[in-house]
There are 4 protein chains.
Amino acid sequence: MSTPDNSARIAENFARQGLMQTLGVSIEEVSPGRCVLSMPITPAVSQQQGFAHAGAGFSLADSAAGYAALSLMPDGADVVSVEVKMNMLRPMVGTRLIATGTVLRAGRQITVVRADIEAEDAAGNRKLVGAVQGTMMAVQAGFRDVVNS
Amino acid sequence: MSTPDNSARIAENFARQGLMQTLGVSIEEVSPGRCVLSMPITPAVSQQQGFAHAGAGFSLADSAAGYAALSLMPDGADVVSVEVKMNMLRPMVGTRLIATGTVLRAGRQITVVRADIEAEDAAGNRKLVGAVQGTMMAVQAGFRDVVNS
Amino acid sequence: MSTPDNSARIAENFARQGLMQTLGVSIEEVSPGRCVLSMPITPAVSQQQGFAHAGAGFSLADSAAGYAALSLMPDGADVVSVEVKMNMLRPMVGTRLIATGTVLRAGRQITVVRADIEAEDAAGNRKLVGAVQGTMMAVQAGFRDVVNS
Amino acid sequence: MSTPDNSARIAENFARQGLMQTLGVSIEEVSPGRCVLSMPITPAVSQQQGFAHAGAGFSLADSAAGYAALSLMPDGADVVSVEVKMNMLRPMVGTRLIATGTVLRAGRQITVVRADIEAEDAAGNRKLVGAVQGTMMAVQAGFRDVVNS
């Protein structure tokens, strides 16, 4: 279950992700098996056509999906990405991106996740711009090696 | 063929990718069907364990693979990511990441790409930390929509 | 819109897929943007532990997703797979597999699809065993080359 | 190391994969971290245009990659697919398909694999038609659950 402690655990973990601060990402919501993050679309995260870069959308979705997975893991666990795949559905244009990570299947070691990435315009309208599917793995705090842990 | 003009085209395109500047990425090499980019590993691109974030490695590899694809496209074309998948092989630790994008199959509309991501330590030793495979699409300059173009 | 003609078009197309007959696949349902296929789980589609082979589940899901995409394409179009990714959530055990293909985003050339694979036991209970995400492409009848068409 | 015992272990395991027999697959080669399988292209494995079905190529590559992974696992281990992704590069046409599975990174639990799929014509010429990247997991013999093992 996600408890206040669980949300606090994720907020503390998130605060240590330097990339999330660099990209201006905020936590919108955490509940068991679900995490929503948002990021402003600015020139600092753009690709050459002025859209948000695929890598910016991916970063947001990877963290959202990872925290969705972590929200169902026991205390003392941390999470790492094993593999993540993103399809681009539309250009990532608007005022901000919102990624909603959800858990398809939580296992003891491996958790299968999805994340939907929406772009929101100035009027608050949202469109689905990216679809993410991947695998997260539980590791112990102090983890140093994805594959050989 | 990649000509000096081709390298110039990619350098000009790269300079418009705000995310690449935010992440401190440099072009190391461009040749026909191949592009190498590097990024320093700093706290600004970290995840919670102090490694480079999966999204930082992905951003680097996505651009490297995209420019590998663009290097084989005709003048007047630009490139967008259709879908990209990354497997994490080891934690992204060291002084910098190097992504080498290559083209598996260049088509008129769709180009299939791979990128290897290596982490380099202070002594210059490199380890493979990520493996990327994806699809890029040629679009006209001024492109505004991935799917309906 | 999926019309009776559309369903007929998909049934005719499906009948030409030799692999579907080899694997004993049946069409359960076709509607606009959606196709459901089923396959009995028998020793003929097994892997070494007696479960359905990942490749059997993939084949089912690839066709379901492809026909979901085709159901939204104009007359005279045919469909090919550009790339497909499958996560295994649980062993594929039971009496049959059911794959439900849906369209996330239909474009003129490229359609992004998902498919869920469920395993059904003798009592009719279903569990999600696989999650598929991929890209389909519209081609003309008589198509002979995925990338250079 | 792959020893005669290792090759024998894989041959025995392969013989229990009913799908491989249904599709007419043969083992061409097994060495440490590598496995080559072949399959005749016949109407029994076709899609609607007469090419080999994506699912046939995937099945071949998934087994080749899985056995490449298994070849580096200790005695008493078996292998299951966690996730596999395939890009189609060209139509799968010719007399047979050959899939070469290789290991990118072998870990204690998780092994990252690639497989190249080639189509061979009657004259013995080969073209790359598919590129596969995925994750395999070591399990104990008697394994019954991918995620919760």
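Each reported figure results from applying straightforward, stated rules to the coordinates on display, with no laboratory input. As the structure is a prediction and not an experimental result, all values here were calculated from the model. Ideal geometry is used to build each Cβ from the backbone, glycine not excepted, and the neighbour counts take in all protein chains shown.
What residue of chain A sits with its beta carbon nearest the rotation axis taking A to B, and at what distance in whole Å?
A:LYS85, 2
Tell me the angle of helix B:54-70 to the major Cα principal axis of chain B, expressed in degrees between 0 and 90 and rounded to the nearest ten.
30 degrees
By a straight-distance test (C-alpha under 16 Å), which lysines pair with B:LYS85 as possible cross-link partners, with residues fewer than eight away in the same chain excluded?
The reachable lysines, counting only those whose Cα sits under 16 Å from B:LYS85, are A:LYS85, C:LYS85, D:LYS85.
So what's the angle, to the nearest 10 degrees on a 0 to 90 scale, between helix D:4-15 and the longest Cα principal axis of chain D?
With rounding to tens, the tilt is 60 degrees.
Put the label 7 Å from Cα along Cα→Cβ for C:GLY50; what are its distances to the other copies, in nanometres, shortest first?
In nanometres, ordered from closest: 4.3, 4.9, 6.2.
Once the label point is placed 7 Å from Cα along Cβ, list for D:ALA11 the distances to the corresponding points in the other copies, in nm, shortest first.
4.8, 5.9, 6.3
Report, as an integer, the average count of C-beta atoms from other chains found within 10 Å of each Cβ along A:134-142.
Counting other chains' Cβ atoms within 10 Å and averaging over A:134-142 gives 3.
Across the Cα atoms of the protein assembly as shown, what radius of gyration and what greatest pairwise Cα-Cα distance (Dmax) are found, in Å?
Every Cα atom of the protein assembly as shown included, Rg and Dmax give 22.4, 67 Å.
Counting only C-alpha contacts under 8 Å and six or more residues apart, can you give the relative contact order of chain A as a whole percent?
With pairs under 8 Å counted, the relative contact order is 23 percent.
If packing is taken as the average number of other Cβ atoms within 10 Å across a peptide's residues, how do D:95-106, B:29-40 rank, most packed first?
D:95-106, B:29-40
For C:10-19, what's the mean count of beta carbons from other chains sitting within 10 Å of each residue's beta carbon?
For peptide C:10-19, the averaged partner shielding equals 5.
Taking the Cα centre of chain D as the origin, how large is its charge dipole in debye, to the nearest 20, when only Lys and Arg (+1) and Asp and Glu (-1) carry charge on their Cβ atoms? Could the numbers behind the result be given before it?
Details: 12 positive and 13 negative charges, 58 e Å.
The dipole of chain D has a size of about 280 debye.
With N set to the number of residues, divide the alpha-carbon radius of gyration of the range B:1-52 by 2.2 N^0.38 Å and report two decimals.
1.37
Please work out, to two decimal places, the log10 of the ratio I(q)/I(0) at q = 0.14 Å⁻¹ from a Debye calculation in which every Cα of chain B carries one identical scatterer.
Treating every Cα as an identical point scatterer, log10 I(q)/I(0) equals -0.62.
Give me the dipole magnitude in Debye, nearest 20, for the protein assembly as shown about the Cα centre, with unit charges on the beta carbon: positive for Lys and Arg, negative for Asp and Glu.
0 debye
Placing a label point 7 Å from Cα toward Cβ, how far apart in nm is C:ARG126 from its equivalents in the other copies, listed shortest first to one decimal?
Between copies, matching label points for C:ARG126 lie 2.6, 4.1, 4.8 nm apart.
Given the options C:GLN109, C:GLN21, C:GLN49, state which has the largest fluctuation in a GNM of chain C using a 10 Å cut-off (strictly under) for Cα springs.
Largest GNM mean-square fluctuation: C:GLN49.
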